[in-house]
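Colleague: Can you read through this structure? Questions will come right after.
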Amino acid sequence: MVDGINRTLQLKEVLRKCMEAAKVVMNSEASSLMLLDELTGDLNVSIPTGPVKDEIMGMAVPKSKGIGGWVISYNQPFISNDVVESDIFWKDLSTGFTTRNIICVPLQDNEGQAFGVLQAINKKDGQMFVNEDVPVFESLALHVASAIERSKKFDEVERKLAEREEEILDIHTRLNDNLSAISDLLEFDLEEIRDLDSRKILKATNARIKSVMNVQPLLSEKTESGTINLSKYLGLIAGQVEQSFDDSDEDVRLTLRLEDAQLDSRRSMLCGLILNELMTAAYKKASSSKEIGEVIVSLKQTGKEKVVVIVTDNGRGTGVIQKDVEGMKNPKAIIQNLAEKLEADLSYTQNPEIGSTSILSFHI
C-alpha cells in the first residue's frame with residue numbers, strides 16, 4: 001500500500017514537470033493534462049499549469065464538449081488560433097482566463113486508444129500555433145502516456161498480488177480450521193486410550209499438528225519481504241510443548257531467550273517442527289534425576305545471515321534423543337530429516353552430570 005501511494009505521488013510529480021515543460025516547449029501561457037474518467041465519461045483536469053491552475057484543478061468537461069472532447073473522440077490532434085470562431089470550442093473553465101489559441105493532442109495507450117489529452121493554451125507574444133508544433137507536442141504526449149501506462153500496469157500487478165495474498169490467507173485459514181478439528185479429535189481419543197505407548201504416539205502426532213497450526217496466524221503478519229517473526233513462532237511452539245507436559249508428575253521450568261529474527265514461512269515451519277521434537281525429548285529427560293528440571297530455548301541471529309536455535313536441558317539420561325516407544329521411528333531420524341529440508345546443521349552434546357544441548361544452525 002505504501003509503495004502504491006509513493007508511486008502515485010512520484011507519478012504526479014513527473015506529470016507536473018512534464019506539463020511545465022509543455023509550457024516552455026510550446027512557449028504558452030498555460031497547459032493542462034486531462035484524463036478520461038471511465039465511469040462518468042468526462043474529461044477531468046488532472047494536471048493544469050498557468051495563472052488559474054488551482055481554480056480549474058479537478059474540474060470535469062463532458063466528453064462531448066469542447067476541443068478536448070473532440071480530440072479524444074476522434075483521436076486526432078487539433079489546432080485553433082481563434083477559438084472564438086471555432087464551432088468546437090466550448091467555454092473557458094475560469095472567468096479569470098481567456099483562451100485565445102490552443103493546440104491539443106491525444107494521449108494514447110499501447111493499442112492506440114485515446115485515454116486523455118494534452119493541451120497548450122495561448123502562445124506567448126501574440127504568436128500562433130503552427131502545424132510544425134504538432135509532432136513536437138505529440139512526442140511529449142508519448143512520454144506522458146508511457147509514464148501513466150507504466151503506473152497503471154504496476155497498479156494492476158499490485159492489485160492481483162493483493163488478491164492472490166487474500167486467497168492464500170483464506171486457504172491457510174481453512175487449513176488451520178481443518179487441523180484444529182483433527183487436533184480436537186486426537187485430544188478426544190487420548191482420553192479414551194489407556195495404553196501408555198499409544199498415548200505417547202498420539203500426543204507426539206498432535207504436537208506436530210499444532211506446530212503447523214501455530215504458523216498459520218503469523219502468515220497474516222508477514223512483513224513486506226514475505227517473512228514472519230521466527231522468535232514469536234518459536235515462542236508459541238515452546239509454550240505448546242510446556243502445556244502438553246502440564247499433566248505430568250515432573251516439575252520442569254522453561255526459560256526462553258529468543259532474539260528477533262525473520263524467516264520465510266516454509267522454513268519457519270520446519271524450524272518449529274524441529275523445536276517441537278527437541279523440546280519434547282528435553283522435557284522427557286529434564287527431571288530424570290533432579291527435583292526440578294530445566295529446559296532453556298535460545299534463538300540467536302549471528303550477523304545478518306545465520307540463525308542458531310539451542311535447546312538445553314539438565315536431564316541425566318543416556319543419549320540426547322532416545323527411541324521411547326516400541327515401533328515408533330527414532331525421533332532423532334525425524335529431526336535429521338527435517339534439518340536436511342531446512343538445509344541446517346544439527347549437533348548434540350551431552351554431559352551425564354549436567355545435561356544435554358542440541359544446536360540447530362542455518363543460513364537465512
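The values are calculated or read from the model by the stated rules, or taken from the named source; none is laboratory data. Being a predicted model, the structure only gives us computed values, none of them experimental. Neighbour counts are summed over all protein chains in view; Cβ atoms, including those assigned to glycine, are modelled from backbone coordinates with ideal geometry. Heads up: the accessible areas ignore ligands, DNA and RNA and are worked out on the full protein's heavy atoms, side chains in. Shrake-Rupley method; radii C 1.70, N 1.55, O 1.52, S 1.80 Å.
Colleague: Roughly how many nanometres apart are two label points built 7 Å out from the Cα toward the Cβ at Leu186 and Ile209?
Modeller: 0.6
Colleague: Of Gly41, Gly303, Asn178, which is farthest on the positive side of the dipole of the chain, counting Cα position, with +1 on Lys and Arg Cβ, -1 on Asp and Glu Cβ, and the Cα centre as origin?
Modeller: Going by the charge dipole, the pick is Gly303.
Colleague: At a Förster radius of 30 Å, what calculated FRET efficiency corresponds to the Cβ-Cβ distance of Leu179 and Asn351, to the nearest 0.05?
Modeller: 0.20
Colleague: Additional query: When the helices in the chain are scored as -39500 (n - 2.57) per DSSP H run of 4 or longer and the sum is shared across all residues, what 222 nm value do you end up with, to the nearest 500 deg cm²/dmol?
Modeller: Theoretical 222 nm ellipticity from helices: -16000 deg cm²/dmol.
Colleague: Please compute the length gained on full extension between Ala60 and Asp246, using 0.36 nm multiplied by the number of residues separating them and subtracting their Cα-Cα distance.
Modeller: 60.0 nm
Colleague: Distance in nm between label sites at Val130 and Asp92, each 7 Å beyond Cα in the beta-carbon direction?
Modeller: 2.7
Colleague: Where in the chain lies the longest segment free of trypsin sites (Lys or Arg not before Pro) that are both loop residues by DSSP (not H, G, I, E, B) and have at most 13 other Cβ atoms within 10 Å?
Modeller: 195-303
Colleague: With a 1.4 Å probe and all protein chains kept in place, how do Cys104, Cys18 rank by accessible area, largest first?
Modeller: Solvent-accessible surface, decreasing: Cys18, Cys104.
Colleague: Find out how many positive minus negative residues lie around Val52, taking Lys and Arg as positive, Asp and Glu as negative, among other residues whose Cβ is under 11 Å from that of Val52.
Modeller: Net local charge, Val52 excluded: -3.
Colleague: Which is farthest toward the positive dipole end of the chain among Thr255, Val241, Ser80, measuring Cα position about the Cα centre, with Cβ charges +1 (Lys, Arg) and -1 (Asp, Glu)?
Modeller: Highest projection toward the positive end goes to Thr255.
Colleague: Name the helices (complete DSSP H segments) of the chain with a Cα length along the long axis of 18 Å or more and a Kyte-Doolittle mean of at least -1.0, or state none.
Modeller: What comes out of the filter, once short or polar helices are dropped, is 2-26, 133-192, 196-218, 230-244, 265-286.
Colleague: Something else now. How much area per residue is accessible in the chain when the probe is 1.4 Å and only protein heavy atoms are counted (Å²)?
Modeller: I get 55 Å² per residue for the chain.
Colleague: Within the set of other residues whose C-beta is less than 12 Å from the C-beta of Gln113, count the net charge using Lys and Arg as +1 and Asp and Glu as -1.
Modeller: -4
Colleague: In addition: Counting only protein heavy atoms and a 1.4 Å probe, tell me what percentage of the chain's accessible area is made up of carbon and sulfur.
Modeller: 51
Colleague: Determine the gain in length on full extension of the stretch Arg194-Asn110; use 0.36 nm per residue of separation and subtract their C-alpha separation, reporting nm with one decimal.
Modeller: 23.0 nm
Colleague: Same structure again: To the nearest 20 Debye, how big is the dipole of the chain about its Cα centre, given +1 on the beta carbon of each Lys and Arg and -1 on that of each Asp and Glu?
Modeller: 780
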